[in-house]
1. Between Glu25 and Ala12, what is 0.36 nm times their sequence separation minus the Cα-Cα distance? Round to one decimal in nm.
2. What's the exposure ranking of Glu25, Glu8, going from fewest to most Cβ atoms within 10 Å?
3. For the stretch 50-106, what is the largest minus smallest coordinate of the Cα atoms on each principal axis, given in angstrom and ordered from greatest to least?
4. As a footprinting exposure proxy, order Val10, Val34 by other Cβ within 10 Å, with the fewest listed first.
5. Can you compute the radius of gyration and Dmax for the stretch 1-57, using only the Cα atoms, both in Å?
6. Given q = 0.10, 0.24 Å⁻¹, what are the Debye log10 I(q)/I(0) values for the stretch 4-120, with equal point scatterers placed on the Cα positions and solvent ignored?
7. For the stretch 41-55, in order, what is each residue's ³J(HN,Hα) by Karplus, 6.51 cos²θ - 1.76 cosθ + 1.60 with θ = phi - 60°, in whole Hz (x at glycine and Pro)?
8. Could you work out [θ]222 nm for the chain from helices alone, using -39500 (n - 2.57) per DSSP H run of at least four and dividing by all its residues? Round to the nearest 500 deg cm²/dmol.
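Values quoted throughout were computed directly from the atomic coordinates according to the rules given, and no laboratory measurement underlies them. All of these numbers come straight from a predicted model, not from anything done at the bench. In this analysis, Cβ positions are derived from the backbone assuming ideal geometry, glycine residues included, and neighbour counts consider all displayed protein chains.
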Amino acid sequence: MQEFGREERVGAEIRRELAGLLRNEVRDPRLASVTVQEVRVVRDLSHAKVYFTVMDSAQAKATQSALNKAAAFLRRRLAESMALRVVPRLAFVYDKSIETGNRLSSLIDQAVANDGKHED
């Protein structure tokens, strides 16, 4: 039984390559603080959703727009560096999971603090 499918392996490789490209080759200052969290590739490797986060969540929409504009450049650079017959089309999606996790953590902390007050 296969542990990881081809889609997962290609997604992991794209994530590594994109992180390097964003760090070393993209000159747009809006993309300086982008972290690529995950890449999900469809079964036929034609499309990939790239989930990313940024330090300032208020800039998420502008960053997503800039990434989607740079998608053709990034895809071309991936084609040069990866040994794939077809490089997937890239679609960038802001990953809200970290924000959601922080919000839930703060709610839990508040609930525990309130519970401690009621015990006294």
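1. Details: separation 13, 0.36 × 13 = 4.68 nm, distance 1.95 nm.
Length gained between Glu25 and Ala12: 2.7 nm.
2. Listed from fewest to most nearby Cβ atoms, that is Glu25, Glu8.
3. Principal extents (Cα only, largest first): 46, 20, 14 Å.
4. Least to most surrounded, the residues fall as Val10, Val34.
5. Values for the stretch 1-57 (Cα only, Rg and Dmax): 13.0, 45 Å.
6. The calculated log intensity ratios at q = 0.10, 0.24 Å⁻¹ are -0.38, -1.36.
7. 9, 6, 4, 8, 6, 8, 9, 9, 9, 10, 8, 9, 10, 9, 5
8. -17500 deg cm²/dmol
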